[in-house]
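Worksheet for the structure shown next.
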């Protein structure tokens, strides 16, 4: 390649506009660059640093060592050295991934990486990753072969709002070859991850075995797939807009509860709303099989049942005329008695309970200077609450769902039930 073949300034202008055209400068004050040490993230860090200097904003790199490769320590050291040369602060985080049965090492590594990176961002951070046009094609095909719907096939957006700030992929419309030209033109050092050649990993197989064949027939496949992904992203937005409209008729006062009458929607709109509702509560999108199970086994179970759907991330339970989504309930021994010591907090981790003594006195309506006992109803117990009412009646009248009844705190003072902490 001749030096004149590569237009560095033009490529940088595209990089900069991918950010400045998406967000007002007042909304961000730092870049957080995901830096693996590979060629793509090296090109990203070089341009991000160039822009940070020009705009006079803070920049940091972050390197996540997954400890999955024998060379991972060498890569980590390379990243430290390269950032030192550029005078860029770098965060090094080492993680160890524990897989559950059926989990993909690729997916778990990605999830952990984003979790770690996100923990170092705030509302004015632009997190940058080095995904390029070839990655977009790989993602599209990977999701296609998994049987993903519109959201999955819409692949990766080039810029989006996230929980902590923003996520930018400035190279998403740039080819891998162009990034290689950049690092070679500037003689930037980078590491080579030999595990990228291991085709037992799905994405590597797509990159090494499938895409070269596609390129032989359709040389412009990358831009064509990107266009299809963008069209599907628009379709996904329409789905979310429709779900936002539909859910208003079923959403209750709490976002984690919706009316069981949602089952009366047409199938495709029901599926759309359930997906939207689950994602609205910050859980992973369900598969079509899971949605069918929710419809059949929870919403259409007999009225005398207390049905629920459960997966690793969440549970959906039905009570009266609504269903509720929640994190999986932890084991709880309802026969256990807790001593709530005077002036201290009551902490019961498996019930996510952390109550102060002030909370107790506010519920009582007066000051108290002695310990109290905390009990639970327990299976089959029917505790007298007053002369004319027992605990079972109280819980039924106050619509406390069955799964919360043996987890409801019962506060005893001098062996007398004083508070039902519902």
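Observations on the structure shown:
- For the range 248-326, the relative contact order works out to 30 percent when only alpha carbon pairs closer than 8 Å and six or more residues apart are counted.
- Calculated [θ] (222 nm, deg cm²/dmol) that DSSP helices of n ≥ 4 give over the chain, each run adding -39,500 (n - 2.57): -11500 deg cm²/dmol
- Distance between the pseudo-spin-label points of residue 201 and residue 255 (7 Å out from Cα toward the beta carbon): 3.4 nm.
- The calculated FRET efficiency for residue 124 paired with residue 94, based on their beta-carbon distance and R0 = 41 Å, is about 0.95.
- Potential extension, residue 331-residue 86 segment - 0.36 nm per residue separation minus Cα distance: 83.1 nm
- Protection proxy ranking, highest mean first, for peptides 11-22, 31-42, 88-99, 174-185: 31-42, 174-185, 11-22, 88-99, where packing is the per-residue count of other beta-carbon atoms within 10 Å, averaged.
- Relative to the longest principal axis of the Cα atoms of the chain, the long axis of helix 39-55 makes an angle of roughly 90 degrees.
- On full extension, the segment bounded by residue 7 and residue 370 gains 122.9 nm, given 0.36 nm per residue less the C-alpha separation.
- In this simple spin-label model, placing a label point 7 Å from the Cα along the Cα-to-Cβ direction at both residue 227 and residue 105 gives a separation of 3.9 nm.
- Gyration tensor verdict on the range 3-224 (Cα atoms; rounded if a/c is under 1.5, prolate if a/b is larger than b/c, oblate otherwise): rounded
- The simple Förster model, with R0 at 25 Å and r as the Cβ-Cβ distance, assigns residue 244 and residue 320 a FRET efficiency of 0.50.
- Shape call, the range 248-326: gyration tensor on alpha carbons, a/c limit 1.5: rounded
- Net lengthening on full extension, residue 303/residue 351 (0.36 nm per residue, minus Cα-Cα): 14.5 nm
- Rounded tilt (10° steps) of 133-145 against the dominant C-alpha axis of the chain: 50 degrees
- Mean separation of Cα contacts under 8 Å, 6 or more apart, over the residue count of the chain: relative contact order %: 10 percent
- Spin-label model, residue 173/residue 208: points 7 Å from Cα along the beta carbon direction are separated by 3.2 nm.
- (1) 17.6; (2) 27.1; (3) 21.1, with the label sought being that of the calculated mean projected area of the Cα convex hull in nm²: (2)
- On Cα atoms only, tilt of 221-247 relative to the major axis of the chain in degrees: 20 degrees
- With the highest mean first, a sort of the peptides 248-259, 269-280 on other beta-carbon atoms found within 10 angstrom per residue produces 269-280, 248-259.
Computed from the coordinates by the stated procedures, all read-outs in this text should not be read as laboratory data. Note that the structure is predicted; figures quoted are calculated from it, not measured. So basically every Cβ, Gly included, is an ideal-geometry build from the backbone, and we count neighbours across all protein chains shown.
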